[in-house]
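To keep things clear, I will list the structure first and then write my remarks on it.
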Amino acid sequence: MKCLLVVTESAEILFYWTDAAFEKNLREQYGAVENNEDKLPAVEDSINTLFAPLIISCSTLIEKINDIYTSFVTENGHHYILHQFGECLYIAVNGDGSESEDDLRRKIFVLKKLMEVQFGMVTLNSTLLKKELRPNDTGKRGRLWKMLQGLLDTYDLLRNQEQSFMVEAVERLIHPTLCEQCIEFLERRVVQQINGSPERAGEEVLHAFILVHTKLLAFYSSRSASSVKPSDLLALILIIQNMHPDISDHGDTAAEDFDVGSTPEVYYTPQPSPTGKKTELMGTEEECTPVFQFVEPDIQMAEDSLNILESEHRDPAFPRRVFLEATFKDGYCPMMPHSMYCLPLWPGISLVLLTKIPNSQIAVSLYNFLEAFSLLEKKLNEVQEGIPHSRLQSSLPSLADLRTKLDKFIRALGNIDQQLQNTWTDFKNKAFLRTGQGNARELLPLCRSLRSQLCAIYRQYFVTEGQGSHQRLSENLQKKAFTMMQEKLTDWKDFLLVKSKRNITMVSYLEEFPGLIHFIYVDRTAGQMISPSLNVSDDSTSELGKGPLAHFIKSKVWSLVRTSRRYLQKGYTTVTLRDGDYYFSYFLWFENETGYKLEVIELPVLSDDSAPIGMLAGDYYRQLLRYYSKTHQTEIIKCYELMTIHLGVVPPDSILQQCCDLARKLWEPSRIPLL
């Protein structure tokens, strides 16, 4: 019984996601639909009827006391989590007890993150976001909602199966030799050749990376590119998994068919495997047939990937517009438009290109103007009405500079938005009076109007036009990159598919760390994690055992992550506790650039309704690093986490010593340059 809802204050549904149990409950409560073609609006109407009293109640609270409910539990045990973003109300519901309040709140923030990647700075304006989420065209609306619903389904699946999505960090395939070879290949054979070609249509490849299922094999960024934020990369991995789902279980099948005796180090150590030996999987010729062939899209993509598109039939060479954080020497943009090309080399292995699009610098200018008007609006709220214009200008020393830059920007745009020109002229006439007084009350609505119109220009340039633009890397260039990369990895394909399921195993750690069952090591500065693989498939056997035992250990690991977050929220950086026959340990610490461990400080305690701890659902660790850096302004600060599970027979002193030794052992591998 699960539901996630986005509504306006007037109870208009902007988006909903439900599972089968919740939808069944709706039909039992409000009656079944006779015509299957009316299924979508019927479910929408039922949801509207069910939640209308709650939405009206929240709107009344906002109007009267400027506050709303954050969570409550009904008599029948249903958990409700609510969060207000601008004029949009997010409601998450769970009625089967499978999700905690933190899980529900996390799902809300993940959806918000996915919308930011999908719509960019349009999400900063509630009116424009409403237009994007609820277009008048019902067919377009249905496709958009289905795409977002598919992303949430994929997120639920990955969060329950993949450790990287549980702890919200990127997991790398540990094979330094192949990693370095691929980074060099991406630079010299893929990125440089594409960027030097006249067929790139004004685009420039900034980043290229190779993904094996959810794990990162290699990542290359050009010298002129901004680094990719870990949360953005994790969101892209989620999107790619939704575009090209792993329909067949390659991991377990490959593991069963692979000759373990011929290459034991594939399973029992993170060290490089032999490079002179070609390993093969048993299978049909059809399994080796390239998926990406620039023909009928139905052949090349899984059915779910079609939901992403604006039309029901889309060229597989057509890029997807994504918005990612970018920092430059002369500017910053939290949602910079990029084109993402996902070329599936084989099922489960993809080459991904992120390109800079023409006119993308406009996004930086628009963000700077939005920030300037936000600051101006804040100061106008602080000053009294009727102040002299001299005082207004003295309190805002950058106002004259803003005037010069925006005048120049509007002239460069031409007649693209006459309304912006008129509003800006009206603002200047009121803000830059030569005599008399500038009225803050008159300037405030003009500030809000200018911010809205700047977001509208951003939407026109990068969201609306970007969806239908035919300007892209040529199919020939994409096919060349695809072919070269496929040839490079042909001998490694089968190994990589197995490696993605058995990246690191506990066997290589048992001799040095007796009693250790599992660990998760996270570099929160780089947003990367290292952990032994957890294979819980009933038809595969690993050192965790088979069937119920493997599932039991996995449940303990997931429980450890949730427990550590609860304590971290309360300000604890070290946790050791016993759970039956097991010891749980959690450590968070800071180091300088040389690896010297820094002193522990008291961390801020978070409220229950604050943003969830993580990187995909929030920005907790970045804020934590800024908080700690206040007392170490001359040093580069790094943050790490270590979670371990030991057998209960191991003495606590030995556990602490093992955790220290394990952290030192894992410190060096985490320095592999991928990001």
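Only the coordinates and a few stated rules stand behind these numbers; no lab work does. Note that the coordinates shown come from a computational prediction; the quantities given were computed from them, not determined experimentally. Using ideal geometry, Cβ is built from the backbone for each residue, glycine included, and neighbour counts are taken over all protein chains shown.
How would you classify region 486-631 from its alpha-carbon gyration tensor, with a ≥ b ≥ c the square roots of the eigenvalues: rounded for a/c under 1.5, else prolate if a/b is greater than b/c, otherwise oblate? Cα axes put region 486-631 in the prolate bin. With a Förster radius of 51 Å applied to the C-beta separation of TYR567 and ASN429, the computed FRET efficiency comes to 0.35. The simple Förster model, with R0 at 25 Å and r as the Cβ-Cβ distance, assigns LEU375 and ASP407 a FRET efficiency of 0.85.
For LEU14, the residues 5 or more places off, or on other chains, whose built amide H falls under 5 Å of its own are VAL6, VAL7, THR8. Loop-located trypsin sites (Lys or Arg not before Pro) in region 605-669 (DSSP state not H, G, I, E or B) with no more than 14 neighbouring Cβ atoms inside 10 Å: LYS630. When the Cα atoms of region 1-157 are aligned to their principal axes, the ranges along those axes come out at 39, 38, 31 Å in descending order. For ASP579, nonlocal amide neighbours, meaning residues 5 or more places apart or on other chains whose placed amide H falls under 5 Å from its own, are PHE584.
Projecting label points 7 angstrom from Cα along Cα→Cβ for HIS551 and ASN195 puts them 5.0 nm apart. Kirkwood radius and radius of gyration were both taken over the C-alpha atoms of region 83-148, and their ratio Rg/Rh is 1.01. Calculate I(q)/I(0) for region 157-222 by the Debye formula, one identical point scatterer on each C-alpha and no solvent, and give its log10 at q = 0.12, 0.16, 0.20, 0.26 Å⁻¹ to two decimals. After summing over all Cα pairs, the log10 values are -0.41, -0.64, -0.81, -1.03. Projecting the alpha carbon convex hull of region 554-648 along each direction and taking the average yields 7.0 nm².
Residues whose amide H comes within less than 5 Å of that of MET335, counting only those at least five positions distant or on another chain, are ALA326 (H built at 1.01 Å from N in the peptide plane).
Bridging of LYS499 to lysines at a Cα separation below 26 Å is possible for LYS215, LYS229, LYS277, LYS278, LYS488, LYS546, LYS554, LYS556, LYS665, once same-chain residues fewer than 8 apart are set aside.
Rounded to the nearest 0.05, the FRET efficiency derived from the C-beta distance between ASP153 and LYS24 at R0 = 22 Å is 0.85. Under the convention that each Lys and Arg Cβ holds +1 and each Asp and Glu Cβ holds -1, the size of the dipole of region 38-162 around its Cα centre is about 540 debye. Label positions at SER654 and GLU325, each projected 7 Å from the Cα along the C-beta direction, are separated by 4.3 nm.
Between SER71 and TRP667, the distance separating the two model label sites (each 7 Å from Cα on the Cα→Cβ line) works out to 3.7 nm.
For region 541-646, chymotrypsin sites (Phe, Trp or Tyr not before Pro) are listed when DSSP marks them as loop and at most 13 other Cβ atoms sit within 10 Å of their Cβ; the list is TYR596.
Please state, to two decimals, what the Cα-based radius of gyration of region 105-244 comes to when divided by 2.2 N^0.38 Å (N = residues).
Rounded to two decimals, the normalised Rg is 1.22.
The 3J(HN,Hα) values that the Karplus relation (6.51, -1.76, 1.60; θ = phi - 60°) gives for region 622-631 are, in residue order, 5, 5, 5, 5, 5, 4, 6, 5, 4, 9 Hz. Gly and Pro appear as x.
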